[in-house]
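Novice: Before I ask anything, here is the structure I am working with.
Read the figures in this text as sums done on the coordinates, not as results from a lab. Everything numeric in this text was worked out from a predicted model, so none of it was measured. With ideal geometry, Cβ positions are generated from the backbone for all residues, glycine too; neighbour counts draw on all protein chains shown.
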């Protein structure tokens, strides 16, 4: 199992229930397998540095997870096709 940090931005123009639902679904993608979400932070609504698909702001989320490579590949695939997610970033955390 490897540690990863995942950041994703959800559109701010959708309703609040849909934002929460999108964040919960992405968290469940990691929790469904042998993986574990260690930390899940909602960073709140922030202005984007530049417009993404005509969006000027978004809701930022950060997760620290312990998982395998296959789960990360599946997460990356699903979040890439999710229309409510503007951007995402997956960083592998090296062991000390």
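Novice: Of the residues 54, 11, 41, which exhibits the maximal mean-square fluctuation in a Gaussian network model of the chain defined by a 10 Å Cα contact cut-off?
Specialist: So, out of 54, 11, 41, the one fluctuating most is 54.
Novice: Then there's this: Once the Cβ-Cβ distance between residue 13 and residue 36 is put in as r, and R0 is 41 Å, what FRET efficiency do you end up with, to the nearest 0.05?
Specialist: 0.80
Novice: So if each residue of separation counts as 0.36 nm, and I subtract the Cα-Cα distance between residue 83 and residue 54, what length gain in nm does that give?
Specialist: 9.1 nm
Novice: Let me ask something else about it. For the pair residue 2 and residue 20, how long in nm is the line joining their label points, each one 7 Å along Cα→Cβ?
Specialist: The two pseudo-label positions are separated by 3.4 nm.
Novice: Taking only Cα atoms and a 10 Å spring cutoff, compute GNM fluctuations for the chain and point out the largest among 49, 23, 12.
Specialist: In the Gaussian network model the winner is 49.
Novice: Using just the alpha carbons, could you tell me how many Å³ per residue the convex hull of region 2-93 encloses?
Specialist: On the way: hull volume 7.9 nm³, N = 92.
Dividing the Cα hull volume of region 2-93 by its residue count gives 86 Å³.
Novice: Right, next: Name the residue, out of 32, 84, 53, whose mean-square fluctuation peaks in a Gaussian network model built on the chain with Cα pairs under 10 Å.
Specialist: Its mean-square fluctuation being the largest, the pick is 53.
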